[in-house]
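First comes the structure, then the notes that go with it.
The values are calculated or read from the model by the stated rules, or taken from the named source; none is laboratory data. Since the structure is predicted, the reported quantities are computational estimates derived from the model, not experimental observations. Cβ: placed from backbone, ideal geometry, glycine included. Neighbour counts: every protein chain shown. SASA here: full protein model, heavy atoms, side chains in, ligands and nucleic acids out. Shrake-Rupley method; radii C 1.70, N 1.55, O 1.52, S 1.80 Å.
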Amino acid sequence: MGPALSGGPGSGGAGSRDTGDRPRAVGGTDRTRVRRLPDLAVPDRATLYAVLDAGRVGHLAIAHGGQPYALPVAYARDGDRVLVHGSTGSRLFRHLAAGAPACLTVTLLDGLVLARSAFESSMNYRCAMVLGELTALDGDAKLAALERLSEHLLPGRWAVIRPPSAKELAATLVLALPLDECSVKVSAGPPDDPEDDLDQPVWAGVVPVVEAYGIPQPDPRLRVDQPPPEW
């Protein structure tokens, strides 16, 4: 049996939502079992992979010295683990490398759900949460992980840019978080207004939220005549 998947973090709005034909979450651990809107939990790993592969920034939460912190981090999925990197000078990254328990959350905002009341208004989103301890990578594994991170965040760039120097590698921590204890939550669809609100004189529906690339802006010091990436 593979790592458990069950309910995810957060809530999808004040009221319950239509979740379509998505399967209900089963099994999992008590720490990942969804308690708020459990119908939004998705138990399959394909959905977990899809959410992680679609995102680029997650929030890595730890507690240190009795104080919680949530660090925004670039990440990449590499099979059944997530890779992150940071400075060896970072106190919190050194704490993570030493095995501090952590929580990585990735949220993709897909739309604003405009209901006929504030209570029923919400968001459409896909969210993944990963609990566990991170381990530091070294040597060839570290360099391969940096390439995987680069290819996820900046497709095609690793082959054309200068590789990391020994000094840069020494200043960089690369950590891996296994996808052993995870949860996924997906909210989708139109507002779930009660029948009594349907005659309210207000527009209701979903406003999609889409992430898109803009027009590339060349570096003022660019010395070569090269086209920008075709993303």
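I'm trying to understand the selection: among the residues of region 58-90, which are closer than 16 Å to Glu151 by Cβ and in a strand (DSSP E or B)? Give the steps one after another, and end with the answer.
Initial filter on region 58-90 (closer than 16 Å to Glu151 by Cβ): 74-79, 81-85.
Of everything in region 58-90, those that are closer than 16 Å to Glu151 by Cβ and in a strand (DSSP E or B) turn out to be Ala74, Tyr75, Ala76, Arg77, Arg81, Val82, Leu83, Val84, His85.
Give region 58-78 a look and list any residue that's open to solvent by 40 Å² or more (accessible area, probe 1.4 Å) and of a type in the set (Ser, Thr, Tyr), or say none.
Within region 58-78, the first condition is being open to solvent by 40 Å² or more (accessible area, probe 1.4 Å), and the residues that meet it are 59, 63-70, 72, 77-78.
The one that is open to solvent by 40 Å² or more (accessible area, probe 1.4 Å) and of a type in the set (Ser, Thr, Tyr): Tyr69.
Table: residues versus (1) open to solvent by 90 Å² or more (accessible area, probe 1.4 Å); (2) farther than 30 Å from Thr88 by Cβ; (3) among the acidic types (Asp, Glu).
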| position | (1), (2), (3) |
| --- | --- |
| Asp180 | yes, no, yes |
| Ala188 | no, yes, no |
| Pro191 | no, yes, no |
| Asp219 | no, no, yes |
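For region 113-129, enumerate the residues that are of a type outside the set (D, E, K, R) and open to solvent by less than 70 Å² (accessible area, probe 1.4 Å).
Pass one, region 113-129, residues of a type outside the set (D, E, K, R): 113-115, 117-119, 121-125, 127-129.
Matches in region 113-129: Val113, Leu114, Ala115, Ser117, Ser121, Ser122, Asn124, Tyr125, Cys127, Ala128, Met129.
Please count how many residues of region 148-170 are open to solvent by less than 70 Å² (accessible area, probe 1.4 Å) and in a helix (DSSP H, G or I). Can you show your working first?
Looking only at region 148-170, we keep the residues that are open to solvent by less than 70 Å² (accessible area, probe 1.4 Å), and these are 149-153, 155-156, 158, 161, 164-165, 169.
Next, from what is left, pick out any that are in a helix (DSSP H, G or I): 149-153, 169.
Adding up the residues that qualify gives 6.
Say we look at region 122-147 and pick out the residues that are of a type in the set (A, V, I, L, M) and part of a helix (DSSP H, G or I); which of these is farthest from Gly79 (Cα to Cα)?
Across region 122-147, the extreme among qualifying residues is Leu143.
In region 179-195, which residues are under 27 Å from Asp78 (Cβ atoms) and assigned to a loop (DSSP other than H, G, I, E, B)?
Leu179, Asp180, listed by residue number.
Can Ala145 be described as among the small types (Gly, Ala, Ser), in contact with a helix residue (DSSP H, G or I) (Cβ under 8 Å, 6 or more places away or on another chain) and either closer than 20 Å to Ser183 by Cα or surrounded by 12 or more Cβ atoms within 10 Å (Cβ to Cβ) (or both)?
Working: among the small types (Gly, Ala, Ser): yes; in contact with a helix residue (DSSP H, G or I) (Cβ under 8 Å, 6 or more places away or on another chain): no; either closer than 20 Å to Ser183 by Cα or surrounded by 12 or more Cβ atoms within 10 Å (Cβ to Cβ) (or both): yes.
Spelling it out, it is not the case that Ala145 is among the small types (Gly, Ala, Ser), in contact with a helix residue (DSSP H, G or I) (Cβ under 8 Å, 6 or more places away or on another chain) and either closer than 20 Å to Ser183 by Cα or surrounded by 12 or more Cβ atoms within 10 Å (Cβ to Cβ) (or both).
I'd like the full set of residues that are within 10 Å of the chain's Cα centre (by Cα) and among the small types (Gly, Ala, Ser), limited to region 51-69. First the steps, then the outcome.
From region 51-69, those within 10 Å of the chain's Cα centre (by Cα) are 51-60; that's our starting set.
Across region 51-69, the qualifying residues are Ala54, Gly55, Gly58.
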